[in-house]
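Here the structure is laid out as C-alpha cells; the discussion comes afterwards.
The values are calculated or read from the model by the stated rules, or taken from the named source; none is laboratory data. Predicted model, so just to flag it, every value in this text is computed and none were measured. FYI the Cβ positions are ideal-geometry reconstructions off the backbone, even for glycines, and counts take in every protein chain you see. Quick note on the areas: whole protein, heavy atoms, side chains included, nothing else; ligands and nucleic acids left out. Shrake-Rupley method; radii C 1.70, N 1.55, O 1.52, S 1.80 Å.
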Amino acid sequence: MTDSVLYTRDGDLGIVTVNNPPVNALSQHVRLGLSECFATAAADDSIATILICAGRTFIAGADISEFDKPMGPPDFLETLAMIEDAAKPVVAAIHGTALGGGLETALCCHFRVAVPSARLGLPEVLLGLLPGAGGTQRLPRLIGPEAALDAITTGTPMNSAAAHAAGVVDAIVDEQGLLEGAKAFAREVVATGQPLTRVRDLNDKVSAVDPAIFVATRKKVAQTKRGFEAPLSCIACVEAACTLPFDEGMARERELFQGLRDSVQSAAQRHIFFAQRAATKVDDMPADTKPQRIERVAVLGAGTMGGGIAMNFANVGIPVIVLETEQALLDKGLGIVRDNYERTAKKGRLSSADVEQRMGLITGTLDYADLADADMVIEAVYENMAIKKEVFAKLDATTKAECILASNTSTLDVDEIASVTSRPDKVIGTHFFSPANVMKLLEIVRGAKTSHETLASTLAVTRKINKVGVVVGVCDGFVGNRMIHRYGSQASYLLEEGCLPHEVDAPIYDLGFAMGPLTMSDLAGLDVGWRIRQGKGLPASLPAGERYCEISDRICEMGRFGQKTGDGFYHYEPGDRNAHRDPSIEQLIVEYAREKGIERRQIPASEVIERLMYALINEGAWILEEGIAQRASDIDVIYVFGYGVPAFLGGPMFYADQVGLDTVYRRVCEFAEADPASWKPAPLLKRLAESGGTFN
Ligand code: CAA
C-alpha cells in the first residue's frame, strides 16, 4: 500500500484515509492507494467503509501537474466503479473542498456527509477541461440536468448547505466531529438496512429533461464564455447523460475529455492556474518572513479609484477610513460607494443588511490625524509626482512608524515617492485596475528599499481581499502599462498606415480578447493618456528619431474622450456600450495620413495580430531581461487578470511559445527593419529563438 492512502479498522468500520498534502490531489500513488484500500475493505468483515481525508481538505481533484504526462495505472474509472459496486455502504466524509475528481469520487460513494464549511464542485471547466471521471454523467442523475449544467459549465462550487438542499450531501455533521459524524451515519445506514444509492442507476431526473435547457445554456455560454471550448463539451456531455445509457454517456465523456486534455486551450488554462500561484512567490524572500497584521486600512482619495479600493477591504470585514480634502468630495465619493453596493443588492447578490454592514466599515475624514491607527495607507490621489510627494511626506509625519505606505500609482517611480519619507522600507506600490472593486489584478510594485516584511504583508492582504497579486519592479508603467503602451502605439501606427479603427480591433477581438485596443482606449478614457502625454510635453519633447502618432490627440482636441463623452475612436449611443463606426473619425485618419505623407495600404488581419501581439511580447521580453518581472508566467497572469486576455490564450508570453519564438523573433526583426524607431528586438527573445527555447 502507498503511504498516501491508508486503510485502518475502527471497530466494525473500515476507514480509508487519504493523506497527500497539500490538497489531497489524486496523484498516481493516491489512485493506486484507493484501489488497494477499497479492495482490502471489500474483502474484510467490516460492515461499512468511510472515505475521509487528512489535512486541510477532502480530495481537491486530479493532480493537475499530471495532465501533461501519460496517465499511469490504475485506470481510475475502474477504481471508481469498484467503490460504487461495493456491496457494503461507502460513506464519503467531506471537509474543505471536494472538487473535480474529488467530488466525482464522492459521487461514487453511496452516501456523503459534510461539515458546514465544506464546498463541493466541479471546476474542471476553469482548466479548459470537463469532469472526466463520471461527473458529467452522475451529477445530472443526482441533482437534475439543469442544476448540473449550471455547476459544470460555470465551475462554481456549492457550499455545504446548498449541496445538502440539492441532494449532493446526505447529512451535515458537526464541524469538529467529521469522522465521528460519518461513523454514526454509517452505523445508522447499516442498522436501518437503508438501500445503497448508486448514482449511475438513478434515471428519473435525466429522463424527464426539457431539451430547451441545452439551447438556453449554449446561448448563455456563447455570451459569457466566448471562444472557450470546454463549456460546450460540458454541455454535450450532460446532454449525453440525458439521452444515452450510462455506459455510452461515460464513453462520450471520455472521448470529449481526452480531446480537451490534449488541447492548447486547456494547456493554457492549466498554465494560468500554476502561474497565478507562482506569481505570489518572491524568489529572494526568506521563507520565514512574517507579514505584519493589517487590521485597519486608510485610503487617500474618495474618487473612482479610492472608493473602489475602499470597497475591497470593507467586503472582507476590514475597517477602512477614507480621507478627502473637502467634505463635498468625500460625500460624493462615499455616495458612489453606497450606490455601487445598492446596485449589487438590487441584483440579489447582497442583502440590505450586507450593504449596511459594509458601509458601516467605511468612514470618511478630512483630517490626517485620523489615520494614526492605520496599519496600511493606500494613496489614490491624482497621478502627479509633486502631489504624491507632498502627500507621502504628510503621511510619514502623521501615521504610526510601522504603518505601510502604499501608492496606487500606475506609472510613477515608487522609489522617488519613498525618498520623501523616513521609512522607504515601508513604502510600496499597489497598482489597482479600474474598476478597483471588480478587477482581480493587483500589481505590487517593489521599490529598491521595500522590505521583505512590507512585501509579505502586502501579498497577504492582497490574498485576503481576493485579488490576484503579481510582484513587479519599478519602471515607467511597471509591467502591464509599459507593455500596453507598445501595443497602443502599434494600434495607432496601423491606423496611419492603412487600417480603420474596426480593422485594428476586429482581429484582436476574434483572437479572443475582451475587446480590441481602440475600443479599450475608448473605455478607459482617451483623455487619460492625452494628459500624460501633455505632461511630458509631447510631441514637442520627442527625442529625435522617435515615432509619434497624433491621431488620438486630435480626437481628444475635439472633446471626444471615448465612452464617457459618447464619442472617441467610435460613436456610442446613450446608454449603449456598443461601438459604432464613425465616418468623421475615419475621414480624420485618412486625412491625417495624407498630411503626414504616409501612403496607406491594405493591411491583412494576420499582420494586425502580429504587430499587436509581438509588440506586447517583445516588450515583455525586455521586462524579463531587466528583471522588472520575475518570470514570464507573471506577465501572463497580469494580462489575463488585468487586460482582458482570455485564459484560453494563456497570456502573451504563453501565446508566443505556441507561435514559436523563432517565428516571433523573425517577424520582430522584419518590423524593426521597416520601422527601427518603434521596434527594438529584445536580446532575451533573440537568445531563446536561437536556442529553441521558450518563455515558460
Ligand atoms: N493538482 C495539483 N496541485 C494542486 C491542485 C491540483 N488539483 N490543487 C492545488 N494544487 C497545489 C497548488 O498549485 C499549490 O501549490 P504551491 O503551494 O506549490 O503553489 C498548493 O496545491 C496549494 O494550492 P492553493 O494555493 O490554491 O491553496 P488554497 O488553499 O488557496 O486553495 C484549492 C485550495 C481550493 C483546492 C485550490 O488549490 C484549487 O482550486 N485547486 C484546483 C481544484 C481543481 O481544479 N480540481 C479539479 C482538477 S481537474 C480534475 O479533477 C479532472 C477530473 O475530472 C479527474
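Taking first residues from the stretch 383-402 that are closer than 15 Å to Asp367 by Cα and part of a helix (DSSP H, G or I) and partners that are open to solvent by less than 60 Å² (accessible area, probe 1.4 Å) and of a type in the set (Asp, Glu), the Cβ contacts under 8 Å between residues at least 6 apart in sequence or on separate chains come to Val391/Glu379; Phe392/Glu379; Leu395/Glu379. For first residues located in the stretch 572-586 and basic (Lys, Arg), partners that are not in a helix (DSSP H, G or I) and lie 6+ apart or on another chain with Cβ distances below 8 Å form the pairs Arg581/Leu500; Arg581/Tyr570; Arg581/His571.
All of Thr57, Thr49, Thr17, Thr79 fail the test of being over 20 Å from Gly132 (Cβ atoms) and within 16 Å of the ligand (Cβ to nearest atom), apart from Thr57.
Among residues of the stretch 202-235 being within 16 Å of the ligand (Cβ to nearest atom) and more than 13 Å from Asp150 (Cα to Cα), the one that is least open to solvent (accessible area, probe 1.4 Å) is Ala230.
Quick one: Ala43 ticks every box in (1) buried (at least 16 other Cβ atoms within 10 Å of the Cβ); (2) more than 17 Å from Lys183 (Cβ to Cβ) except a single one, so which number is it? Against the list (1) buried (at least 16 other Cβ atoms within 10 Å of the Cβ); (2) more than 17 Å from Lys183 (Cβ to Cβ), Ala43 comes up short only on (1). Checking Arg270, Arg254 one by one, the residue that is more than 25 Å from Leu442 (Cα to Cα), surrounded by 15 or more Cβ atoms within 10 Å (Cβ to Cβ) and not β-branched (Val, Ile, Thr) is Arg254 and no other. From the list Pro195, Pro231, the one residue that fits, being closer than 30 Å to Ile635 by Cα and out of contact with any Gly (no Cβ under 6 Å at 6 or more places or on another chain), is Pro231. Taking the criterion of being farther than 16 Å from Thr363 by Cβ and within 24 Å of the chain's Cα centre (by Cα), the residues of the stretch 325-350 that qualify are Asn340, Arg343, Thr344, Ala345, Lys347, Gly348, Arg349, Leu350. Looking across the stretch 115-148, the residues that are part of a loop (DSSP other than H, G, I, E, B) and over 26 Å from Gly177 (Cβ atoms) come down to Leu122, Gly128, Leu129, Leu130, Pro131, Gly132, Ala133, Gly134, Gly144. Among the residues of the stretch 387-400, none qualifies, meaning not one is among the charged types (D, E, K, R), open to solvent by 50 Å² or more (accessible area, probe 1.4 Å) and closer than 15 Å to Ala302 by Cα. With respect to the conditions (1) surrounded by fewer than 24 Cβ atoms within 10 Å (Cβ to Cβ); (2) touching a residue at least 12 places away in the same chain (Cβ under 8 Å); (3) farther than 11 Å from Ala93 by Cα, Ala184 lacks only one, and its number is (2). Would you check which residues across the stretch 483-496 are surrounded by 19 or more Cβ atoms within 10 Å (Cβ to Cβ) and either among the charged types (D, E, K, R) or assigned to a loop (DSSP other than H, G, I, E, B) (or both) and list them? Scanning the stretch 483-496 gives a single hit, Arg486.
Listed here are the residues, each with its yes/no results for (1) near the ligand (Cβ under 9 Å from one of its atoms); (2) under 23 Å from Ala236 (Cβ atoms).
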residue	(1), (2)
Gly101	yes, yes
Ala106	no, no
Gly144	no, yes
Asp150	no, yes
Ser160	no, no
Ala163	no, no
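Taken over the stretch 212-225, the criterion of being under 21 Å from Ile143 (Cα atoms) and either aromatic (Phe, Trp, Tyr) or at pLDDT below 95 (or both) is satisfied by Phe214 alone. Here the condition is being hydrophobic (A, V, I, L, M, F, W, C), at pLDDT 95 or above and out of contact with any Lys or Arg (no Cβ under 9 Å at 6 or more places or on another chain); of Ile378, Ile318, Ile294, it holds for Ile378 alone. For the stretch 82-99, taking the residues that are over 25 Å from Gln258 (Cβ atoms) and within 14 Å of the ligand (Cβ to nearest atom), the one that is surrounded by the most Cβ atoms within 10 Å (Cβ to Cβ) is identified as Ile94. The C-beta contact set for the stretch 115-137 (first residue of a type in the set (D, E, K, R), second residue assigned to a strand (DSSP E or B) and more than 7 Å from the ligand (Cβ to nearest atom), distance under 8 angstrom, 6+ apart or interchain) comprises Arg119/Ala98; Arg119/Met158; Arg119/Asn159.
Conditions tested, residue by residue: (1) hydroxyl-bearing (Ser, Thr, Tyr); (2) in the same structural domain as Asn312 (by TED's automatic domain parsing); (3) surrounded by fewer than 18 Cβ atoms within 10 Å (Cβ to Cβ); (4) not in a loop (DSSP other than H, G, I, E, B).
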{"residue": "Glu416", "(1), (2), (3), (4)": "no, yes, yes, yes"}
{"residue": "Ser422", "(1), (2), (3), (4)": "yes, yes, yes, no"}
{"residue": "His431", "(1), (2), (3), (4)": "no, yes, no, yes"}
{"residue": "Pro435", "(1), (2), (3), (4)": "no, yes, yes, no"}
{"residue": "Leu442", "(1), (2), (3), (4)": "no, yes, no, yes"}
{"residue": "Lys449", "(1), (2), (3), (4)": "no, yes, yes, no"}
{"residue": "Thr454", "(1), (2), (3), (4)": "yes, yes, no, yes"}
{"residue": "Ser457", "(1), (2), (3), (4)": "yes, yes, no, yes"}
{"residue": "Arg463", "(1), (2), (3), (4)": "no, yes, yes, yes"}
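Of the listed requirements (1) closer than 30 Å to Phe67 by Cβ; (2) open to solvent by 50 Å² or more (accessible area, probe 1.4 Å), Val199 misses just one: (2). What helices (runs of 4 or more DSSP H), lying completely within the stretch 516-577, carry at least 2 residues that are touching an Asp or Glu at 6+ places or on another chain (Cβ under 7 Å) and under 20 Å from Gly498 (Cβ atoms)? Output list reads 517-524. The C-beta contact set for the stretch 265-289 (first residue over 20 Å from Ala629 (Cβ atoms), second residue part of a loop (DSSP other than H, G, I, E, B), distance under 6 angstrom, 6+ apart or interchain) comprises Gln265/Gly128; Gln265/Glu229; Ser266/Gly128; Ser266/Leu129; Gln269/Gly128. Only one of (1) within 12 Å of the ligand (Cβ to nearest atom); (2) open to solvent by less than 30 Å² (accessible area, probe 1.4 Å); (3) in contact with a strand residue (DSSP E or B) (Cβ under 9 Å, 6 or more places away or on another chain) is not met by Gly301, so which one is it? Only one criterion in (1) within 12 Å of the ligand (Cβ to nearest atom); (2) open to solvent by less than 30 Å² (accessible area, probe 1.4 Å); (3) in contact with a strand residue (DSSP E or B) (Cβ under 9 Å, 6 or more places away or on another chain) is unmet by Gly301, namely (1). With the structure loaded, tell me whether Leu405 is surrounded by 19 or more Cβ atoms within 10 Å (Cβ to Cβ), in contact (Cβ under 8 Å) with a residue 24 or more places away in the chain, in contact with a Leu (Cβ under 7 Å, 6 or more places away or on another chain) and part of a helix (DSSP H, G or I) or whether it fails that test. It is false that Leu405 is surrounded by 19 or more Cβ atoms within 10 Å (Cβ to Cβ), in contact (Cβ under 8 Å) with a residue 24 or more places away in the chain, in contact with a Leu (Cβ under 7 Å, 6 or more places away or on another chain) and part of a helix (DSSP H, G or I). Screening the candidates Leu256, Leu334, Leu244 for the property of being more than 15 Å from the ligand (Cβ to nearest atom) and in the same structural domain as Leu126 (by TED's automatic domain parsing) yields one hit, Leu244.
Going by the structure shown, is Arg112 surrounded by 24 or more Cβ atoms within 10 Å (Cβ to Cβ), more than 11 Å from the ligand (Cβ to nearest atom) and part of a strand (DSSP E or B)? Yes, satisfied. Looking across the stretch 580-597, just one residue is open to solvent by less than 90 Å² (accessible area, probe 1.4 Å), out of contact with any His (no Cβ under 7 Å at 6 or more places or on another chain) and part of a loop (DSSP other than H, G, I, E, B), and that is Gly597. Quick check on my filter: what residues within the stretch 48-63 are of a type outside the set (Ser, Thr, Tyr) and more than 15 Å from Tyr7 (Cβ to Cβ)? Matches in the stretch 48-63: Gly55, Arg56, Phe58, Ile59, Ala60, Gly61, Ala62, Asp63.
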